[in-house]
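Take a look at the structure set out below.
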Ligand code: DGL
């Protein structure tokens, strides 16, 4: 039981964890949220496994010291498939990770072809291959690294107009149609922010699958019973930490404001 407002910490290399935060916030608007965009180490998809493990342990320690979260959401497929076990070994608080939604995709696809779009590291790693073997052993599942799209979402999407978004997505729309993929797994959390655009420009018989709701429900399920006062209409101040000093301040201020958070640079002593 928690006799105060629960505090949930979400982390990603950048903006990809925001859809998960938004989902939980819609359910529990009076809860406290801390977000971390580890921009100084972006993109995680091109980092080595030892680097990522050490980085994630260090940055989590800092947030735990600062905010004492009740639960940590590793809202990044690359970080989860690489370092979730290490994080669980190091800390005693509960962790929720995210992995490409191969299981629901396999259930949806039947005989249709599935594609998983993810980072280079997730596509090359053992974890995704094991998920496919486990949940879609007899189905056609193709994987594709889309690092340029990760960069587009992180550094441009929130200030882009529709034409620029179309230009970034066009090669993937063409690829999906050409390969006749019918179920697309958004296996990098950044791509979830593109979901409405994929849905707008792809035919309706193509399903776009992501893990937001499943992960959101898991977060609610894992947190102890919340005995804090019910929502009174007062939204708490949520914090959006960002590491490094090489980021586009206008963009991150826009994002933080859109998600009703305060942008708060985190002095980066560990990268
Ligand atoms: N959002 C992350 C994921 O889900 C990775 C993006 C990056 O390469 O930093 O894999």
Quiz item: Of the residues 69, 43, 50, 19, which single one is touching a residue at least 60 places away in the same chain (Cβ under 8 Å) and out of contact with any helix residue (DSSP H, G or I) (no Cβ under 6 Å at 6 or more places or on another chain)?
Solution: 69
Quiz item: All but one of (1) surrounded by 24 or more Cβ atoms within 10 Å (Cβ to Cβ); (2) more than 26 Å from residue 130 (Cβ to Cβ); (3) within 16 Å of the ligand (Cβ to nearest atom) hold for residue 40; which doesn't?
Solution: (1)
Self-check item: Candidates 12, 70, filtered to the one that is touching a strand residue (DSSP E or B) at 6+ places or on another chain (Cβ under 9 Å) and within 16 Å of the ligand (Cβ to nearest atom)
Solution: 12
Quiz item: So which residues in segment 181-211 are out of contact with any strand residue (DSSP E or B) (no Cβ under 9 Å at 6 or more places or on another chain) and closer than 16 Å to residue 118 by Cα?
Solution: 193
Exercise. Among the numbered conditions (1) under 22 Å from residue 150 (Cα atoms); (2) in contact with a strand residue (DSSP E or B) (Cβ under 6 Å, 6 or more places away or on another chain); (3) surrounded by 21 or more Cβ atoms within 10 Å (Cβ to Cβ), tell me where residue 78 comes up short.
Key: (2)
Exercise. Among the residues of segment 73-114, write down those that are part of a strand (DSSP E or B), touching a residue at least 60 places away in the same chain (Cβ under 8 Å), within 16 Å of the ligand (Cβ to nearest atom) and more than 17 Å from residue 41 (Cβ to Cβ).
Key: 73, 96
Practice problem: Kindly provide the set of residues from segment 196-221 that are without any contact (Cβ under 8 Å) to a residue 60 or more places away in the chain and either surrounded by 22 or more Cβ atoms within 10 Å (Cβ to Cβ) or assigned to a helix (DSSP H, G or I) (or both), ordered by number. | Solution: 196, 197, 198, 199, 200, 201, 217, 221
Practice problem: Report yes if residue 176 is in a helix (DSSP H, G or I), within 20 Å of the chain's Cα centre (by Cα), more than 16 Å from the ligand (Cβ to nearest atom) and crowded, with 17+ Cβ neighbours inside 10 Å, otherwise no. | Solution: no
Self-check item: Which numbered condition residue 21 fails, given (1) more than 16 Å from the ligand (Cβ to nearest atom); (2) in a helix (DSSP H, G or I); (3) touching a strand residue (DSSP E or B) at 6+ places or on another chain (Cβ under 6 Å)
Solution: (1)
Practice problem: Would you mind telling me which numbered condition in (1) surrounded by 19 or more Cβ atoms within 10 Å (Cβ to Cβ); (2) touching a strand residue (DSSP E or B) at 6+ places or on another chain (Cβ under 6 Å); (3) modelled with pLDDT of 95 or more residue 140 fails? | Solution: (1)
Quiz item: Since residue 34 meets every condition but one in (1) surrounded by fewer than 24 Cβ atoms within 10 Å (Cβ to Cβ); (2) in contact with a strand residue (DSSP E or B) (Cβ under 6 Å, 6 or more places away or on another chain); (3) not in a strand (DSSP E or B), which condition does it not meet?
Solution: (3)
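The values are calculated or read from the model by the stated rules, or taken from the named source; none is laboratory data. Please read all numbers here as calculations on a predicted model, not as lab measurements. Every residue, glycine among them, receives a Cβ derived from its backbone with ideal geometry; neighbour counts consider all protein chains shown.
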